[in-house]
Amino acid sequence: MAEQLALVIGGIIGGLLLMIGTSCCLWRRLCATFTYEELPETPDPATTSSFSRQDDRLCPYAGTPPGRPPSVPFVVPPSHQGHDWVSFHSRDPCHDPEHMPYTSSANSGEACAIGNINPELYKSPEDTSETDFPDGCLGRLWFSVEYQQESERLLVGLIKAQQLQVPSETCRPLIKIYLLPDERRFLQSKTKCRTCNPHFDENFVFQVSSRSITQRVLKFSVYHINKQRKHQLLGQVLFPLKNETLAGDHYHIIWRDLEAENLEPPSEFGDLQFCLSYNDYLNRLTVVVLRAKGLQLQEDRAVVSVFVKVCLMNHNKFVKCKRTSAVLGSVNPVYNETFSFKVDTNELDTASLSLTVLQITGDKSYPLGRVVVGPFMYSRGKELEHWDAMLHKPKELVKRWHALCRPMEP
């Protein structure tokens, strides 16, 4: 009985010793796995040898233990050994991105320098308004517009003009500013002496109600005072005051090229000016309705509004119609509104544009005049020439005046 008890006690003690031994072995292996090597405070000269060639992609280091690359404070696993490592703590010429080739793909375990930021990619587009002048340009005018809603004041800033075309050697320019449709009252700038590129830096104020501001048009007439002190018109700028221009509580700086004044008398039913352009790449026909003059209104101006209806037609059938905003009480309304239509190249021989000027009285509209531009099948004279000029100058705006014909009976 005593012998059996001794065997049981011996077995228990042996099992405990075996468990303790096994635990110690596992603990040693676990500690060996997470053991870090301590970096020396000063680098070993043997590990800082210079690179062999300047055109190498990365600088090799001599005397570095195979298990730990330079500047890596731990043991690299075997699966990642053999990779090139770059020290980012110190800037070395061989690590300079300018001396390293760019690679579009890199391994996830590989550290590489990609490159520097190119500031040229973040520059804003250059302003070419002072250098890019088209052929036949009469000059260019810079001005600012701001409308103060609370005080109902229109602030107009006259900034400068450039490249004024003056017949004489000495130029004495001045500018008169009108707020159409009122052509009797105007504000005038100071006269500049002997310069075709005058700087004005003057401010003007017009008192106009918020209800009628979008119906008004700014007109800048640029004059040259000759030796006889007569005012010679060099050109003019018409700028309609639209909601998008007056939005916000800050001023908008705008530039426009001068246009020559049309001295021809208006036609019987008035005249309409618009631009045509065709983009053969996008199959897009663009119409810019500029202004009309000499319209024969049938009612009192105070209650009449005028708009232009632009219709795309194919085989004399209406395809799509668009219209401008209505201008109140003016026989010379200004619009400056752009419309686009989708027209395939093979449809240009059968397509045409119909522009009709209509007046609104109450709830009804009455046509004042109409003009049709298109190929030889639908138009003749200036209308046909305008269409052909558009086709021969793709992606360019071709501007023309056209006499309105007798409106079609409703």
| How would you order 332-338, 287-293, 363-369 from highest to lowest mean count of nearby Cβ atoms within 10 Å? | 287-293, 332-338, 363-369
| query | Given LYS190/LYS230; LYS219/LYS382; LYS242/LYS320; LYS219/LYS322, which pairs have Cα atoms separated by over 18 Å? | reply | LYS219/LYS382; LYS242/LYS320; LYS219/LYS322
| Dipole of the stretch 360-410, positive direction: furthest Cα of LEU397, GLY374, TRP387, with charges on the beta-carbon | LEU397
| field | Spacing of the two label points (7 Å from each Cα toward its C-beta) at ASN203 and ASP257, in nm | value | 3.2 nm
| note | Rh (Kirkwood, all Cα-Cα pairs) for the stretch 269-410, Å, reads 15.3 Å
| task | Starting from the Cα-Cα distance between PHE186 and ASN314, subtract it from 0.36 nm times their residue separation and give me the gain in nm to one decimal. | result | 41.5 nm
| task | Putting +1 on Lys and Arg Cβ atoms and -1 on Asp and Glu Cβ atoms, find which of LEU297, VAL319, ASN332 reaches farthest to the positive end of the dipole of the stretch 286-338. | result | VAL319
| For the pair ASP280 and GLU268, how long in nm is the line joining their label points, each one 7 Å along Cα→Cβ? | 3.9 nm
| Listed residues THR214, PHE204, HIS224: farthest to the positive end of the dipole of the stretch 194-246 (Cβ charges) | HIS224
| field | LEU18 accessible area, 1.4 Å probe, all protein chains in place, Å² to nearest 10 | value | 120 Å²
| field | Exceeding the 24 Å Cα-Cα cut-off - candidates LYS309/LYS342; LYS227/LYS293; LYS293/LYS364 | value | LYS227/LYS293
| Accessible-area ranking of CYS321, CYS171, largest first, probe 1.4 Å | CYS321, CYS171
| task | Please give the solvent-accessible surface of MET19 in Å², to the nearest 10, using a probe radius of 1.4 Å with every protein chain present. | result | 130 Å²
| task | Using a 1.4 Å probe and ignoring any ligands, DNA or RNA, find the accessible area of PHE186 and quote it in Å² to the nearest 10. | result | 80 Å²
| Taking the simple approach of a point 7 Å from Cα along Cα-to-Cβ for both ASP132 and LYS176, what is their distance in nm? | 3.4 nm
| task | Return one whole number: the accessible area per residue of the stretch 140-221 in Å², for a 1.4 Å probe. | result | 52 Å²
| message | Could you work out how much longer the chain between GLN165 and THR350 gets when fully extended? Use 0.36 nm per residue separation minus the Cα distance between them, nm to one decimal. | response | 62.4 nm
| message | I'm checking a number: the convex hull volume of the Cα atoms of the stretch 141-256, normalised per residue, in Å³. What is it? | response | 94 Å³
| field | Cβ charges +1 (Lys, Arg) and -1 (Asp, Glu), total dipole of the stretch 141-262, debye | value | 620 debye
| remark: HN-Hα couplings for the stretch 390-399 via Karplus (6.51, -1.76, 1.60; θ = phi - 60°), in whole Hz with x for Gly/Pro, come out as 5, 6, 7, 10, x, 6, 10, 7, 9, 9
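The values are calculated or read from the model by the stated rules, or taken from the named source; none is laboratory data. Please read these numbers as outputs of a predicted model, since none were measured by experiment. With ideal geometry, Cβ positions are generated from the backbone for all residues, glycine too; neighbour counts draw on all protein chains shown. When the accessible area is computed, the model is the full protein with side chains, heavy atoms only, and any ligands, DNA or RNA have been set aside. Shrake-Rupley method; radii C 1.70, N 1.55, O 1.52, S 1.80 Å.
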